[in-house]
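**Student:** Below is one structure. I have some questions about it.
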Amino acid sequence: MSDDWDKVEEAVLKVLGDGGGVPEFTVPLKAFAALTDGVRSEVAPAADKVSSAILSLQQNAKSRIEAWDELQDRVDASALGLNAKNKADARPIADAKKLLDGFIKKQVADADSEMKQLRDGHKLSLDLKGHFGA
C-alpha cells in the first residue's frame, strides 16, 4: 500500500513540476501499512474459528429441525390422549393439533431462517479468509 502511494506521489510531483505538492497524511502511510499487515495476519485464524463455530450452529439448527419434524410426526399420529373414535373428542383433538402444528411450523421456519443466515455468515468467513489469508 505505502509503496504504491510512493509511486503515485512521485508521478504526481513529476506532473506538477517545481512548486507542486501532495498533501501529507496526518499519520505516515507506512504506519497504516504496518498496522494493516499485523491485523491481516489475525483475520484468517479468526475466520477459521468463526467458520467452525458456524458449522456447529448449523448442525444444531439442523438437529432442531429434525426434532421438530419428528415431534410433528408424533402429533399427527396421536389422538393427544383423547379417543379419536369419540365424536366429542374430535373437535378438541383437531383444535389442539392446529395449535401444535402452528407452533412447530414456526419453530421449523425460525431454524430454516437461522440456517440461511448461518450459510451467509459462513460464506463471508470463507471470503475473509481467502482475502486476508492469502
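**Student:** Using 7 Å Cα-to-Cβ label points, what is the LYS116/VAL12 separation (nm, one decimal)?
**Tutor:** 4.5
**Student:** Taking the chain as the reference, fit the longest principal axis to its C-alpha atoms, fit the long axis of helix 87-133 to the helix C-alpha atoms, and give the angle between the two in degrees, 0 to 90, nearest 10.
**Tutor:** The two axes meet at around 20 degrees.
**Student:** Residues of the chain: accessible area per residue at 1.4 Å, in Å²? Can you show the working numbers first?
**Tutor:** Working: 9800 Å² over 134 residues.
Solvent-accessible surface per residue comes out at 73 Å².
**Student:** Heavy atoms of the protein only, probe of 1.4 Å, neighbouring chains included. What is the accessible area of SER113 in Å², nearest 10?
**Tutor:** Its heavy atoms expose roughly 60 Å² to the probe.
**Student:** Another question, if that's okay. Using the beta-carbon distance between LEU80 and SER56 and R0 = 30 Å, what value does 1/(1 + (r/R0)^6) give for FRET efficiency, to the nearest 0.05?
**Tutor:** Working: r = 35 Å, r/R0 = 1.15.
Between LEU80 and SER56 the formula returns 0.30.
**Student:** Report the extension gain between LYS98 and VAL39 in nm, rounded to one decimal, defined as 0.36 nm multiplied by the number of residues separating them, less their alpha carbon distance.
**Tutor:** Working: separation 59, 0.36 × 59 = 21.24 nm, distance 5.36 nm.
Roughly 15.9 nm would be gained on extension.
**Student:** Determine the relative contact order of the chain: mean sequence separation of Cα pairs under 8 Å and six or more apart, normalised by residue count, in whole percent. Please list the in-between numbers first.
**Tutor:** Values: 74 pairs, mean separation 51.7, N = 134.
Once normalised by length, the contact order is 39 percent.
**Student:** When all protein chains stay in place, what accessible area (Å², nearest 10, 1.4 Å probe) is found for LYS14?
**Tutor:** Here the accessible area works out near 150 Å².
**Student:** Next question. Across segment 14-20, in residue order, what do the Karplus-derived ³J(HN,Hα) couplings come to in whole Hz, using 6.51 cos²θ - 1.76 cosθ + 1.60 with θ = phi - 60° and x for Gly and Pro?
**Tutor:** 5, 5, 6, x, 4, x, x
**Student:** Could you pull out which residues in segment 86-105 have an amide N less than 17 Å from a spot 7 Å beyond the Cα of LEU71, following the Cα-Cβ vector?
**Tutor:** 96-105
**Student:** Which listed residue (GLY21, SER56, VAL75) has the Cα farthest towards the positive end of the charge dipole for segment 4-134, taking +1 on Lys and Arg C-beta and -1 on Asp and Glu C-beta about the Cα centre?
**Tutor:** VAL75
**Student:** So, with a 1.4 angstrom probe, what is the percent of accessible area on the chain that is carbon and sulfur? Mind showing how you got there, number by number?
**Tutor:** Working: 5880 of 9800 Å².
Carbon plus sulfur share of accessible area: 60 percent.
The values are calculated or read from the model by the stated rules, or taken from the named source; none is laboratory data. Computed from a predicted model, the values in this text were never measured in an experiment. Positions of Cβ are generated from backbone atoms using ideal geometry, with glycine treated the same way; all protein chains shown enter the neighbour counts. Ligands, DNA and RNA are stripped out before the accessible areas are found, and what is left, the full protein with its side chains, is counted by its heavy atoms. Shrake-Rupley method; radii C 1.70, N 1.55, O 1.52, S 1.80 Å.
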